[in-house]
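In what follows, a single structure is set out as structure tokens and then discussed.
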Amino acid sequence: MIAAIFMAGSLAAATIDFAAAKQRADLHEASLSSTQNAGLVKSQGDAAGRAIAACMPSPAPTALPSFTIVLMLDDAGHPRQTWRQGNSEFARCVERQFSDSTFFRPPSAPFFTSFAFTFKP
């Protein structure tokens, strides 16, 4: 039964667009306890640090485009689907890096979370 529920959640996620995925991420993140939120934020920071280091062009540009990535995590914290708003090569690279990362173990799956990157010169 649990597998059927997860599969139904995955199928439903496959048909949603960026805006719906972002809305789910906002709701899921808001439902976390302070301890769970701390775990999420730490795992996001670790993943973002690795992704930015791997994706930063050389030489580093004076400005980077802003973008947002939404992830749907499974019960082990592995991304199973991503959505991206922003189409720069840097954003695509970060999305690929996130797809290969492991995040915190969410309280339920699928769990949606998002990263909004805003770069100011």
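Multiply the residue separation of Ser33 and Lys120 by 0.36 nm, subtract the distance between their alpha-carbon atoms, and state the gained length in nm to one decimal.
Details: separation 87, 0.36 × 87 = 31.32 nm, distance 3.11 nm.
Stretched fully, the Ser33-Lys120 segment lengthens by 28.2 nm.
For the stretch 30-121, what is the charge dipole size about the Cα centre, in debye to the nearest 20, if Lys and Arg each add +1 at the Cβ and Asp and Glu each add -1 at the Cβ? Intermediate results must be reported in sequence, preceding the final value.
Numbers: 8 positive and 6 negative charges, 27 e Å.
Here the stretch 30-121 has a charge dipole of around 120 debye.
Normalised by the residues of the chain, what does the relative contact order come to in percent, with Cα pairs under 8 Å and at least six apart?
Working: 177 pairs, mean separation 41.8, N = 121.
About 35 percent, as a whole number.
Which of the peptides 100-107, 82-89 is most tightly packed, and how do the rest follow, going by the mean number of other Cβ atoms within 10 Å of each residue?
Details: 100-107: 16.9, 82-89: 14.8.
Descending packing order for the listed peptides: 100-107, 82-89.
Binning every alpha carbon pair distance of the stretch 2-117 at 5 Å from zero, what are the percents per bin?
Cα pair-distance distribution for the stretch 2-117, in percent: 2, 12, 22, 24, 19, 11, 6, 3, 1, 0.
Taking every pair of alpha-carbon atoms in the stretch 32-86, what share in percent sits in each 10 Å bin, from 0 to the bin with the longest distance?
18, 46, 27, 9, 0
If you average the alpha carbon positions of the stretch 50-121 and of the stretch 17-40, how far apart do those two centres end up, in angstrom?
If you average the Cα positions of each part, the centres end up 15 Å apart.
Read-outs: derived from the displayed coordinates by stated rules, not from any lab. Keep in mind the model is a prediction, meaning the values are calculated, not measured. Ideal geometry is used to build each Cβ from the backbone, glycine not excepted, and the neighbour counts take in all protein chains shown.
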